[in-house]
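See below for the structure under consideration.
The values are calculated or read from the model by the stated rules, or taken from the named source; none is laboratory data. In this text the structure is predicted, and so the values were computed from the model without any measurement. Glycine gets a Cβ as well: all are built from the backbone with ideal geometry, and neighbour counts include every protein chain shown. In case anyone asks, the SASA skips ligands and DNA or RNA and just uses the protein heavy atoms, side chains included. Shrake-Rupley method; radii C 1.70, N 1.55, O 1.52, S 1.80 Å.
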There are 2 protein chains.
Amino acid sequence: MRASKYLIATVKETPADAVVVSHKLMLRAGMIRKLASGLYSWLPTGLKVLRKVERIVREEMDRAGAQEVLMPCVQPAELWQESGRWDEMGALMMHMKDRHERDFVFGPTHEEVITDIARNELTSYKQLPATFYQIQTKFRDEFRPRFGVMRAREFTMKDAYSFHITQDSLQGEYENMYQAYCRIFDRLGLDYRPVLADTGAMGGKASHEFQVLAESGEDYIAFSDSSDYAANIEMAEAVMPATQRGEPTEALRLVDTPNARTIADLVNDYDLPIEKTIKTLVVEAEEDVEAGLIALIVRGDHELNEVKAEKLPQVKAPLTMATEEQIRAAIGAGPGSLGPVKMPIPMIVDRAVSVMSDFGGGANVDDKHYFGINWERDVALPEVADLRSVQAGEPSPDGQGTLQIKKGIEVGHIFQLGNKYAKALNATVLDENGKGQTMIMGCYGIGVSRIVAAAIEQNHDDNGIIWPDAIAPFHVGIVPLNAHKSPEVMEVAEKLYADLQAAGLEVLLDDRDKKTSPGVKFADMELLGIPHRIVVSDRGLADGQLEYKARGAEDKEPLPLAEAVDFIRNRVKVQ
Amino acid sequence: MRASKYLIATVKETPADAVVVSHKLMLRAGMIRKLASGLYSWLPTGLKVLRKVERIVREEMDRAGAQEVLMPCVQPAELWQESGRWDEMGALMMHMKDRHERDFVFGPTHEEVITDIARNELTSYKQLPATFYQIQTKFRDEFRPRFGVMRAREFTMKDAYSFHITQDSLQGEYENMYQAYCRIFDRLGLDYRPVLADTGAMGGKASHEFQVLAESGEDYIAFSDSSDYAANIEMAEAVMPATQRGEPTEALRLVDTPNARTIADLVNDYDLPIEKTIKTLVVEAEEDVEAGLIALIVRGDHELNEVKAEKLPQVKAPLTMATEEQIRAAIGAGPGSLGPVKMPIPMIVDRAVSVMSDFGGGANVDDKHYFGINWERDVALPEVADLRSVQAGEPSPDGQGTLQIKKGIEVGHIFQLGNKYAKALNATVLDENGKGQTMIMGCYGIGVSRIVAAAIEQNHDDNGIIWPDAIAPFHVGIVPLNAHKSPEVMEVAEKLYADLQAAGLEVLLDDRDKKTSPGVKFADMELLGIPHRIVVSDRGLADGQLEYKARGAEDKEPLPLAEAVDFIRNRVKVQ
């Protein structure tokens, strides 16, 4: 591509309403433009990247044996009523009425439509397993769209759905998709982790998120420094401490603690190490718990993990913290003075708490604490469970290495759905015995447009984007210096442009005239994130040299003209 | 692809609600499924074809220098209000309100959005000309969607828009796009004609439609048997007859014609050759015509062309036929008794009428006609114009050959838009003198999903679809006969499958088990329209032979096994 014939819509100013780096850089590099809140037009440079991501996703889906389909954006209300999600989705769905006053939505997802197709087209177990995917535009009417295409209202997704009648078959396809996702993110050139994820309200059997690691991520993920173990922080197991509980060395003391309502108060005012403190949190219990409430206890320096807590059979879902009023009525003290000794309601303690000794905790009387508490001597050890979020440096639950914690951006999600939709829509096939069986499903999503933003969050510097070769809008940029003064410079640049293209590379030749200064051309190449840059100058050519710079590298290097094409072809990494 | 792992969703029965062949065959071949009125899901076989059409369109747009962008489906009302089309489009636009009660539409077209982008991104004449295109989903809420994807509500279009400040530049890009469109339809392997089209209410300078010839087309097109001339019937010029007007041979006679109100009555009851009759039609006139009405006269065997009539400066647009009441008030006779002699309102006569002599026409008195009318002797020859539609066999307006008339399906349309949108949205650039200039635009559409249906309308027989190689879902089908009885048959079929794929061809191997009979397999191959079929059988292999059949051909032919791959590779025509 010649820059003179191409919309280089770079801008110097950082747009006012952009908060995250990828949003700022996509606007500055002229990749996208905002049409309305959460609605973006993709300009040529942005679309080139989006299409490359699409292509890699499509190739790997095809390779994995998934069959591509395309379902409409606009979906009739009836299917959503049939699945029971018409009300559930609420304002997140963009509703519309056609000229005959029939209700439709702009599909936020396609489980209903694919299940409708499956119930009509799949009739026999012999057609299973079958996996269908599409790359399609979706719409979610977010209350507050933000971060550019990271959380836009209209966006491109790859969604795939598999159909089975046995859990084994579903498990097999789940693993097949897991591998396909790894190939996709490997090929995209991104640093990512597949992490165990919560199956949540959908109640499926297994789920992994694919997280692109980036400082600006909103999700925390824990992973081993020595193995493949990785999990969403909500799911990462905090293992039973290897150390045994210490023997009691202190007597139990009831202490007046008039102003101590928080862990910090105890640590500061009573000289208690934080590892010797506990937090006692009271939540609503399931109906069969007589007290109606249950106390959950974690160490003072740990955090209750609400996802783990909600999964406990005694705890009511969704997790609901008790009010001070409820707590006082049940326990007789306020939330700042609770503890295990003489606790009148059932308790569950975290694994780390179960090995504490000589620790302090509320006395279940306002303004009083017990110090020197020891399990079994002062109070029976209640049920022990994994209640807290892991912290960096803890042992990995698979027994290999220690956990690190990083932030990630969720770009993919695979999920064993079970029979939720097939049951609601009565999608059955005949099994080997000629009996109707409700199918079970897996679903597998990739946020195609979000990947573009996530790649930038992971790969940028102060000057702009640093694209992985596989999804760069152009592999190589050529900057001819002062070409208006030297016909030779432009000749060499043109020949290089032709030769590199003939070698199968995508090249941006900055042939803009002298009104665009070399400084602006260099800045644009950096901002656009073109991974390989060649400068053609009079001075260099005098010695038969070009100048090469990799986008991420510190230094330029001389490049003999004769070797340029081979050099670049070897440098560009595109699988 | 192995048929055993692929959704072959063929059905025998012709679906009840499908009227046209393409709709029937797309349903029967399992290419599409209806989700709701005018909304179709593309199943794997259909999507393969759609993606191939998309790819060819994209490649030729890129080659032509157009830059791909992607604009949102969902568009804010404000832009449509700014262009003045918010009300104009009416119920054809699918309206929606987001959760904040702001108005949006599912874009039926993107002139507004691209003009908004252009006014922000294009600032200097040096950036022009610039052409942007997208391949995007559009929605038109048709009152009565029909013919499957031929007139669906949700559909895929390629729309391109070019920006200029001189008519020369627009003309140049228009020709460039014209050539690109020809390359696209050539590569698609379709019999098509670029035809001159009406610029209509948009008032642009030039317009061509690209019509795929098909019996079932809704448009009539006229084209020369000896040159490139082709035009929509609305636009094809009916040239001045080469023959001079004959000298009068009859006297003017006023005849009582009590029951003659139509041409047929005159011909049958008064023995008048139809070429000696005329039709006099009265339409509303522009304001400056004092009578308020104007009479348009065509020969009895010709049809008034309403598009041509509407373009006459004296005729009010849109064309409005006068009521009997208006006619009686102005002329004193009913519509069945009108003619040129003593006509009190202005007249325009068709070219063919201007050379008539000794003809009959109404006397502008009820139940009376004049016979033996001759121009100039009995009434002055009024203004002559091209008023009628051409008929097959007439001379081509370019002077080369005679016209044929065929039916076509409009699949593309290129159009010189002028400054309508740029003016409404104030899209200007600075010219060479630093002065703001409103841009002028061209727009260039292709009905991508419609092409799939049009290709089938043009290429099918009683057994199913006959795909051109370029857009066939698979190039080659392999049918192993009774493979369960002969391991060699399956071995050869598998090797052929691998070798043909290695040669870059897309192959469907029908490896379905014996429960699928050979008859069903053959029928599916025909219905799916796979252009090249190879049968592997025990009997053939005994002589080292396969059997080859081209989908459109009558006969099968033996194919030596050793030559099969080369033979097929040479047969498949994909540019």
* Divide the volume of the convex hull of the Cα atoms of chain A by its number of residues and quote the answer in cubic angstrom per residue. => 214
* Starting from the eigenvalues of the Cα gyration tensor, five times each then square-rooted, give me the equivalent ellipsoid semi-axes of region B:122-206, largest first, whole Å. => 27, 18, 15
* Measure off 7 Å from each Cα along the Cα-to-Cβ vector at B:ALA251 and B:GLU287, then give the distance between these two points in nanometres to one decimal. => 4.9
* Structure fact -> Here the residues of region A:12-51 whose accessible area is at least 40 Å² smaller with all protein chains than in the chain alone (probe 1.4 Å) are A:LEU35, A:SER41, A:TRP42, A:PRO44, A:LEU47, A:ARG51
* Asked: Where in region B:52-76 does accessible area fall by at least 30 Å² between the isolated chain and the complete protein assembly, at a 1.4 Å probe radius?
  -> B:GLN67, B:GLU68, B:VAL69, B:LEU70, B:PRO72, B:CYS73, B:VAL74, B:PRO76
* Structure fact -> Per the C-alpha gyration tensor (a ≥ b ≥ c, the square roots of its eigenvalues), region B:509-565 is rounded if a/c is under 1.5, else prolate if a/b beats b/c, else oblate; here it's oblate
* Heavy-atom accessible area per residue - the protein assembly as shown, 1.4 Å, Å² -> 41
* Asked: Once phi is turned into θ = phi - 60°, what whole-Hz ³J(HN,Hα) does the Karplus curve with 6.51, -1.76 and 1.60 give for every residue of region B:517-523, x standing for Gly and Pro?
  -> 6, x, x, 5, 5, 4, 4
* Which value, in Å² rounded to 10, gives the accessible area of B:ASP141 with a 1.4 Å probe and all protein chains present? -> 0
* Note down the nm distance, to one decimal, between modelled labels 7 Å out along Cα→Cβ at B:GLU218 and at A:ARG261. => 7.3
* **Accessible-area composition of the protein assembly as shown, carbon plus sulfur, in percent [1.4 Å probe]** => 48
* Asked: What net charge is computed for the residues neighbouring B:PRO318, neighbours being all others with C-beta under 11 Å from the C-beta of B:PRO318, Lys and Arg scored +1, Asp and Glu -1?
  -> -2
* Asked: Mind checking the mean number of beta-carbon atoms from other chains within 10 Å of the Cβ atoms in A:116-127?
  -> 3
* Asked: What does the accessible area of A:SER4 come to, in Å² to the nearest 10, when a probe of 1.4 Å is used?
  -> 60
* Structure fact -> Rounded to whole angstrom, the alpha-carbon centroid of region A:335-380 lies from that of region B:267-346 at a distance of 103
* Each residue of region B:63-74 in turn: what ³J(HN,Hα) in whole Hz from Karplus with 6.51, -1.76, 1.60 and θ = phi - 60°, glycine and Pro shown as x? -> 4, 7, x, 6, 9, 7, 10, 9, 9, x, 5, 8
* Asked: Taking the axis about which chain A rotates onto chain B, which residue of A lies nearest it as judged by Cβ position, and how many whole Å separate them?
  -> A:MET96, 2
* For region A:349-494, just say rounded, prolate or oblate: build the C-alpha gyration tensor, square-root its eigenvalues into a ≥ b ≥ c, call rounded for a/c under 1.5, and beyond that prolate if a/b exceeds b/c, oblate if not. => oblate
* **Cα-based Rg / Dmax (Å) for region B:157-315** => 21.7, 63
* For a label point 7 Å from the Cα of A:ASP269 along Cα→C-beta, name the residues of region A:355-371 whose backbone N is under 20 Å from it. => A:359-371
* Taking the convex hull of the Cα atoms, report for the protein assembly as shown its projected area averaged over all directions, in nm². => 61.8
* Asked: In nm, what does the list of distances from B:SER517 to its counterparts in the other copies look like, shortest first, when each label sits 7 Å along Cα to Cβ?
  -> 8.2
* Hey, for a label at B:ARG144 modelled as a point 7 Å past Cα toward Cβ, could you say which residues of region B:19-47 have their backbone N under 19 Å away? => B:19-24, B:36-39
* Kindly give the distances from B:ALA550 to its copy-mates, label point to label point, with each label point 7 Å from Cα along Cα→Cβ, as nm values to one decimal ordered shortest first. => 5.3
* **³J(HN,Hα), Karplus 6.51/-1.76/1.60, whole Hz, each residue of region B:98-106, x for Gly, Pro** => 7, 5, 9, 6, 8, 8, 9, 10, 7
* **Alpha-carbon centroids, region A:126-148 and region B:170-228: separation in whole Å** => 37
* **Alpha-carbon centroid distance for the pair region B:455-478 / region A:1-56, whole angstrom** => 40
* Asked: What is the percent of Cα-Cα separations in region A:15-152 that go past 19 Å?
  -> 64
* Measuring label to label, 7 Å along Cα→Cβ, what does B:PRO15 give against each other copy in nm, shortest first? -> 4.1
* Asked: What residues of region A:83-111 lose no less than 10 Å² of accessible area with every protein chain in place versus their chain by itself (probe 1.4 Å, heavy atoms only)?
  -> A:ALA91, A:MET94, A:HIS95, A:MET96, A:LYS97, A:ASP98, A:ARG99, A:HIS100, A:ARG102, A:PHE104, A:PHE106
* **Cut-off 17 Å (backbone N to label point 7 Å along Cα→Cβ of A:LYS205), residues of region A:152-177** => A:161-177
* Asked: How far, in degrees from 0 to 90, does helix B:448-458 lean away from the longest principal axis of the Cα atoms of chain B, to the nearest 10?
  -> 90
* Structure fact -> For chain A, longest principal axis from Cα atoms; helix A:111-121 axis from its Cα atoms; angle between them, nearest 10 degrees, is 80
* Structure fact -> iface A-B | buried accessible area, total | probe 1.4 Å | Å², round 100 | 4700
* Taking only the alpha-carbon positions of region A:435-517 and ignoring solvent, what does the Debye formula give for the base-10 log of I(q)/I(0) at q = 0.15, 0.26 Å⁻¹? -> -0.76, -1.18
* Asked: For chain A, what is the calculated [θ] at 222 nm in deg cm²/dmol (nearest 500), taking -39500 (n - 2.57) for each run of four or more DSSP H residues and dividing by its residue count?
  -> -8000 deg cm²/dmol
* Ranked highest first by the average count of other Cβ atoms within 10 Å around their residues, in what order do A:128-137, A:270-279, B:254-263, A:152-161 fall? -> A:152-161, A:128-137, A:270-279, B:254-263
* Sort A:LYS485, A:LYS407 by accessible area with a 1.4 Å probe, largest first. => A:LYS485, A:LYS407
* To do: Can you tell me the FRET efficiency between B:GLU563 and B:SER37 if r is taken as the Cβ-Cβ distance and R0 is 41 Å, rounded to the nearest 0.05?
  => 0.20
* Asked: Which of the GluC sites (Glu not before Pro) found in region A:57-135 are in a DSSP loop and have at most 12 neighbouring Cβ atoms, other than their own, within 10 Å?
  -> A:GLU101
